[in-house]
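The values are calculated or read from the model by the stated rules, or taken from the named source; none is laboratory data. Keep in mind the model is a prediction, meaning the values are calculated, not measured. Cβ: placed from backbone, ideal geometry, glycine included. Neighbour counts: every protein chain shown. Just so you know, the surface numbers come from the protein's heavy atoms only, side chains and all, with ligands and any DNA or RNA stripped out. Shrake-Rupley method; radii C 1.70, N 1.55, O 1.52, S 1.80 Å.
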Amino acid sequence: ANLNYVELSKAKKSPQRLIIGPWTHGGQTQTFSGIAEFGPEAAIDLNALRLRWYDRWLKGVENGVDKEPPVRIYVMGSGEPHKTKDGRLFVGGRWRDEREWPLARAADTPYYLHRDGSLSTARPGASKPTSYRFDPRNPVPTIGGNVSSEGVLMKRGAQDQRCEPDWWLCRDSLPLSTRPDVLVFQTPVLEQDVEVTGRLIVKLWGASDGPDTDFTAKLIDVYPPMRDYPAGVDVNVGDSIVRARYRESLKAAKILAPGVPQEFTIEMYPTSLVFRRGHRIRLDISSSNFPRFDVNPNTGGPLGQDRNWRVAVNTVYHDAEHPSRIILPVVGR
């Protein structure tokens, strides 16, 4: 929807409006997404909004809809965290009117990956890359995200990034961060609130020992331990994937040269979230997120027709010449 708004605003002189809320698909009347509770103001009557729009432009009713700000967003994360009576994590948030999208005042701020697992605005220096084994027969299970036809296969929306034994593909109750094929990069504990509103883009320098593979990225809000959640909560904010053979174009495949670093672009859905003081901003890098995304067999063969699988040794670079980073649109106060 946000891309439609951006392109229509460029092409059309007629009024354009954008509403970005915190819900899952079709959940505009709900106040939650997965385990995240936002409060009663998060729910909207979408049909009532549509009716006002139609009354103004189809019936000529002067109801003031054309005088309202063109963009309305829900900024998540301003609530005091606790477990609600329904067993959800209270995240909170508030609606805010804006004049454009993306926000002109948002500063695109690179947070760089470092070999020691840190994530910071400091550029990396000399560093050896980090490698891991990606076995397509043991993919990282999907826990939450932008899914709407998941059935019993996965949880939708915001979820604690910890497995449960009765979830499909989970074999234990451990956090996904304990898997050897998940690379975790996180900031120190935040000394002040950080609002991130806009596009989420990862520029990842990576390589593989084979002709094709995938790289995934997941942005996570790390809640500290608290009374209701003694182990803290690792809440997914956004995720996405790139298939290496389509790194330059979705129209034409280009097989990898084994072991040669390439810069991959991984773009998640945009967000608007306050990472609260005392939390950490975390980026997980891996090569699978299944069944949200299909698993790459790593062979370079015809997709969907390959009968073979291979374990890929994938490498992430984080040095001065290969500065892997996530670019966060930070909004100042």
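When region 246-260 is filtered for residues that are surrounded by 13 or more Cβ atoms within 10 Å (Cβ to Cβ), in a loop (DSSP other than H, G, I, E, B) and not charged (D, E, K, R), the ones remaining, listed by number, are 253, 256.
In the set (1) within 22 Å of residue 106 (Cβ to Cβ); (2) open to solvent by 30 Å² or more (accessible area, probe 1.4 Å), the condition left unmet by residue 25 is number (1). Restricting region 34-87 to residues that are part of a loop (DSSP other than H, G, I, E, B) and hydrophobic (A, V, I, L, M, F, W, C) leaves a set whose member that is farthest from residue 20 (Cα to Cα) is 61.
Restricting region 299-319 to residues that are under 23 Å from residue 128 (Cβ atoms) and in a loop (DSSP other than H, G, I, E, B), the residue that is most open to solvent (accessible area, probe 1.4 Å) is 311.
Taking every residue in region 278-293 that is at positive phi and at pLDDT 95 or above and pairing it with any residue that is open to solvent by 10 Å² or more (accessible area, probe 1.4 Å) and among the hydrophobic types (A, V, I, L, M, F, W, C), at least 6 positions away or on another chain, the pairs with Cβ-Cβ distances below 8 Å are 278/189; 278/190. Here residue 114 passes the criteria (1) without any contact (Cβ under 8 Å) to a residue 12 or more places away in the chain; (2) surrounded by 15 or more Cβ atoms within 10 Å (Cβ to Cβ) except the one numbered (1). The condition of being out of contact with any strand residue (DSSP E or B) (no Cβ under 6 Å at 6 or more places or on another chain), modelled with pLDDT of 95 or more and surrounded by fewer than 20 Cβ atoms within 10 Å (Cβ to Cβ) holds for only one of 131, 127, that being 127.
Set side by side, the residues 84, 109, 31 differ, and just one is closer than 23 Å to residue 148 by Cβ and at pLDDT 95 or above, which is 31.
Applying the criterion of being open to solvent by 10 Å² or more (accessible area, probe 1.4 Å), out of contact with any Gly (no Cβ under 9 Å at 6 or more places or on another chain) and assigned to a strand (DSSP E or B) to the residues of region 188-211, the residue that is farthest from residue 257 (Cα to Cα) is 194. Taking the criterion of being farther than 25 Å from residue 233 by Cα and either part of a strand (DSSP E or B) or out of contact with any strand residue (DSSP E or B) (no Cβ under 6 Å at 6 or more places or on another chain) (or both), the residues of region 88-102 that qualify are 96, 97, 98, 99, 100.
Every residue, every condition in (1) among the charged types (D, E, K, R); (2) within 15 Å of residue 216 (Cα to Cα); (3) in contact with a Cys (Cβ under 6 Å, 6 or more places away or on another chain), yes or no:
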| position | (1), (2), (3) |
| --- | --- |
| 126 | no, no, no |
| 129 | no, no, no |
| 144 | no, yes, no |
| 158 | no, no, no |
| 177 | no, yes, no |
| 195 | yes, no, no |
| 202 | no, yes, no |
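The residues listed here are 104, 122; of these, the one that is open to solvent by 30 Å² or more (accessible area, probe 1.4 Å), among the aliphatic types (A, V, I, L, M), without any contact (Cβ under 8 Å) to a residue 12 or more places away in the chain and touching a His at 6+ places or on another chain (Cβ under 9 Å) is 122. One residue stands out among those in region 320-333 that are among the charged types (D, E, K, R) and surrounded by fewer than 20 Cβ atoms within 10 Å (Cβ to Cβ): the one that is modelled with the lowest pLDDT, which is 333. For region 261-297, the tally of residues that are open to solvent by less than 60 Å² (accessible area, probe 1.4 Å) and over 30 Å from residue 191 (Cβ atoms) stands at 13. Looking across region 24-42, just one residue is under 15 Å from residue 73 (Cβ atoms) and free of Cβ contacts under 8 Å to residues at least 24 places away in the same chain, and that is 28.
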